[in-house]
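Read through the structure below, which is laid out as C-alpha cells, and then see the notes.
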C-alpha cells in the first residue's frame, strides 16, 4: 500500500514539475509583449488571452502536486498542537464532507464544459483575434482527475494515521532551504556569522 501511495505522489510531483515550466513561457511571453507594445508599437490582441490560459493551466495542474506536498493553506493555529491521530480525524472528515464532493463536481462539470467547447470550436471573444479556448478548458477535468486521485491517497493516509497513531511517509521534495545543510556545504559556522554581525553592527567611534 505504501509503495502505491508513494507512486501516486511521484506522479503528482512529476506533473507539477512538468507544468511548472509554463512559468518560463509565461515570463517570456509577457516580456516580449511589453517590448513589442512599447518599443515596437505593435501589440498583439491574442497575448492577454494567452497569458490567462498559461497561468490558469499552471495554477490548476499544480493542485495535485501541492496536495501531495501538504502545501495547501490550512489553519495551523490549533491544528499543529493536535496529536497526529486527531489531525488525521479532522482531515478525514473534511476530505469526505467537502473535498471529495467538490472535486468530483469540478471534474464532472469540467468534462461537459470542455466537451461543449470542443463541439462549438470555441474561441475567446475578449478580443477580435481570440485564440481557441477548448484546449484550456480541457485542463479543468484533467486537473480535477489528478486532484481527485491525490485526494484519495490523502484519505488513505488519514485512515492509516488514525489506526497507527502516526503519519505515513511522503515523497520527498525540495521545498525550502535547509539552512544547517547550507552552512555545512559552505563551511560556515555560527561563530563566523556572529563575528560578521558584530563587524556590521559595531558603531563607528566618535570623531
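Structure data summary
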| quantity | calculated |
| --- | --- |
| Counted residues, segment 172-189 - those being modelled with pLDDT of 70 or more and under 28 Å from the mean Cα position of the chain (by Cα) | 0 |
| Boolean, residue 59 is outside any helix (DSSP H, G or I) and without any contact (Cβ under 8 Å) to a residue 24 or more places away in the chain | no |
| Residue 136 touching a helix residue (DSSP H, G or I) at 6+ places or on another chain (Cβ under 7 Å), closer than 23 Å to residue 46 by Cα and surrounded by 13 or more Cβ atoms within 10 Å (Cβ to Cβ) | yes |
| Selected residue (criterion: farthest from the chain's Cα centre (by Cα)) from residues of segment 10-26 that are in a helix (DSSP H, G or I) and surrounded by fewer than 16 Cβ atoms within 10 Å (Cβ to Cβ) | 25 |
| Single residue of 100, 90, 104, 155 found to be touching a helix residue (DSSP H, G or I) at 6+ places or on another chain (Cβ under 9 Å), closer than 21 Å to residue 6 by Cβ and either modelled with pLDDT of 95 or more or in a helix (DSSP H, G or I) (or both) | 155 |
| When residues of segment 107-123 are limited to those that are assigned to a loop (DSSP other than H, G, I, E, B) and either at pLDDT below 90 or touching a strand residue (DSSP E or B) at 6+ places or on another chain (Cβ under 8 Å) (or both), the one surrounded by the fewest Cβ atoms within 10 Å (Cβ to Cβ) | 121 |
| Members of segment 77-87 that are under 23 Å from the mean Cα position of the chain (by Cα) and modelled with pLDDT of 90 or more | 87 |
| From 103, 96, residue being in contact (Cβ under 8 Å) with a residue 12 or more places away in the chain, under 15 Å from residue 151 (Cα atoms) and over 20 Å from the mean Cα position of the chain (by Cα) | 96 |
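Here is a yes/no grid of residues against (1) over 15 Å from the mean Cα position of the chain (by Cα); (2) touching a residue at least 12 places away in the same chain (Cβ under 8 Å); (3) farther than 16 Å from residue 155 by Cα; (4) assigned to a loop (DSSP other than H, G, I, E, B):
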| position | (1), (2), (3), (4) |
| --- | --- |
| 8 | yes, yes, no, no |
| 28 | yes, no, yes, no |
| 31 | yes, no, yes, no |
| 45 | yes, yes, yes, yes |
| 55 | no, yes, yes, no |
| 65 | no, yes, no, no |
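The values are calculated or read from the model by the stated rules, or taken from the named source; none is laboratory data. Just so you know, these numbers come straight off a predicted model, no measurement behind them. Note that we place each Cβ from the backbone using ideal geometry, even for glycine, and neighbour counts take in every protein chain shown.
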